[in-house]
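Here's the structure, in structure tokens; my notes come after.
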Amino acid sequence: MSLVVFLRGVNVGGHRNFRPSLLARELSDYDVVNIGAAGTLVVRKPGSAAKFRAELLRRLPFEADVMICQGRDLVRLANDNPFGKFVSGAGRCEVRQYPCEGVEDHSFFTDYLSAG
């Protein structure tokens, strides 16, 4: 299963700016896909999570808080609809899908999570 990486506080307010798409290319051995500019990555061939984390930290141009999650955990969380009963209005939770940068067929985030 894929891993999902969240980088905290990058590309916000002119601080810790970088191009996640370039980082994803540098990590191509792990088949990394960048999701937007906020530092969210999907790692489709992570191998050892510890080894990947070390490589990621080595390639970042600054120190950053990094959270790495199993893709299956995020899929389960989304499927559980944890906010469904708290959503105002129509009483349902809207799931938005965003195209993944660098992917020709514009597959969506959840496709990457369930692919591995």
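Since every read-out is calculated from the coordinates, none of them should be taken as a lab result. Everything numeric in this text was worked out from a predicted model, so none of it was measured. Neighbour counts run over all protein chains shown; Cβ positions are idealised from the backbone, glycine included.
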- Note on the structure: In order over region 34-39: 3J(HN,Hα) from phi, Karplus 6.51/-1.76/1.60, θ = phi - 60°, whole Hz, x for each Gly or Pro, gives 7, 10, x, 10, 8, x
- Item | Distance between modelled label sites at residue 65 and residue 37, nm, 7 Å Cα→Cβ extension | 2.2 nm
- Gain upon complete extension [residue 76, residue 28; 0.36 nm per residue less C-alpha separation]: 14.6 nm
